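Let me begin by presenting the structure, written as structure tokens, before commenting on it.
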């Protein structure tokens, strides 16, 4: 197979340049590990991120870093490589209607109640879920849990800490904010931290949705949130993940997806119930 010409490079001042072959190789590696597909329109982003990290490691070429990943599948560097390319765009109560639907759904559910935030990023989504459950279920102190996972280990650790800037918690109504968050003082001025009574509802872990590594086998959930994630996978991978979700959801359980995602013609295990909400058949 003919390799891409290395006469053209994507470079930034002061950082190692990335060749077209480096780009193809990086996209192959990230797809094999996570299922994420990086299109050609991501060249500049990949060049910047890989170039800067290669420089940080005191390497001269991006290819040296990719060599290390290629020949060391168990290297801790894989966690950093994944972090470079995962997109942690999230917010509290993002797509508000989903939390209203969840609240109405769990009102009539019997405990135990468990919800999985399968791409939890830095934690805004699972904490929003936990608040919704706390505010909806009469006695939520036991038998109610939120399982929060992501492939990005750095994001999961930030989520576990539950510390946010005040601008990040702005979407939360003030009475709810005071009920579930401490406001930082002194060196923590301008920050908010999740209170223990909410934090104890959450369990955090690292899960690879594509490979199945870390998958919660043997557990079932009343609802699963997987929003704005599947768009980064190809159709066969999407179908595979949907079937895994189907086996993990209780009958009649809900699957919440992103506003640009539609799987109605891809699976018979789910039926579209409302705006970007599917029910397990």
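The values are calculated or read from the model by the stated rules, or taken from the named source; none is laboratory data. Keep in mind that what you see is a predicted model, and the values were worked out from it rather than measured. Here the Cβ is made from the backbone with ideal geometry for all residues, glycine too, and neighbour counts use every protein chain on show.
Any chance region 197-208 includes a residue that's more than 16 Å from residue 148 (Cβ to Cβ), in the same structural domain as residue 145 (by TED's automatic domain parsing) and more than 17 Å from the chain's Cα centre (by Cα)? The answer is yes; a qualifying residue exists.
Exactly one residue out of 279, 206 is at pLDDT 95 or above and touching a helix residue (DSSP H, G or I) at 6+ places or on another chain (Cβ under 6 Å): that is 206. Of all residues in region 123-141, exactly one satisfies the criterion of being in a loop (DSSP other than H, G, I, E, B) and buried (at least 22 other Cβ atoms within 10 Å of the Cβ), namely 123.
Can you tell me which residues in region 167-176 are over 13 Å from residue 124 (Cβ atoms) and touching a residue at least 12 places away in the same chain (Cβ under 8 Å)? Show your work before the answer.
In the first step, residues of region 167-176 are kept if they are over 13 Å from residue 124 (Cβ atoms); the result is 173-176.
Hit for region 167-176 is 176, nothing else.
Is it the case, given these coordinates, that residue 235 is assigned by TED's automatic domain parsing to the domain that holds residue 131, surrounded by fewer than 16 Cβ atoms within 10 Å (Cβ to Cβ) and more than 20 Å from residue 34 (Cα to Cα)? When the stated conditions are applied, residue 235 does not pass them. Being under 23 Å from the mean Cα position of the chain (by Cα), buried (at least 19 other Cβ atoms within 10 Å of the Cβ) and in contact (Cβ under 8 Å) with a residue 40 or more places away in the chain: is that true of residue 66 here? Criteria not met by residue 66. Would a scan of region 150-165 turn up a residue that is surrounded by fewer than 14 Cβ atoms within 10 Å (Cβ to Cβ) and out of contact with any strand residue (DSSP E or B) (no Cβ under 9 Å at 6 or more places or on another chain)? Looking for residues that are surrounded by fewer than 14 Cβ atoms within 10 Å (Cβ to Cβ) and out of contact with any strand residue (DSSP E or B) (no Cβ under 9 Å at 6 or more places or on another chain), one finds none in region 150-165, hence no.
Please specify each residue of region 90-115 satisfying the condition of being assigned to a loop (DSSP other than H, G, I, E, B) and either free of Cβ contacts under 8 Å to residues at least 12 places away in the same chain or under 15 Å from residue 128 (Cα atoms) (or both). Steps first, please.
First pass over region 90-115, keeping only residues assigned to a loop (DSSP other than H, G, I, E, B): 90-95, 107-112.
Within region 90-115, 90, 91, 92, 93, 94, 95, 108, 110 qualify.
Whether any residue in region 234-251 is within 21 Å of residue 115 (Cα to Cα), at pLDDT 95 or above, part of a strand (DSSP E or B) and in contact with a helix residue (DSSP H, G or I) (Cβ under 7 Å, 6 or more places away or on another chain) is what I want to check. Checked against the condition, which is being within 21 Å of residue 115 (Cα to Cα), at pLDDT 95 or above, part of a strand (DSSP E or B) and in contact with a helix residue (DSSP H, G or I) (Cβ under 7 Å, 6 or more places away or on another chain), region 234-251 yields no hits at all.
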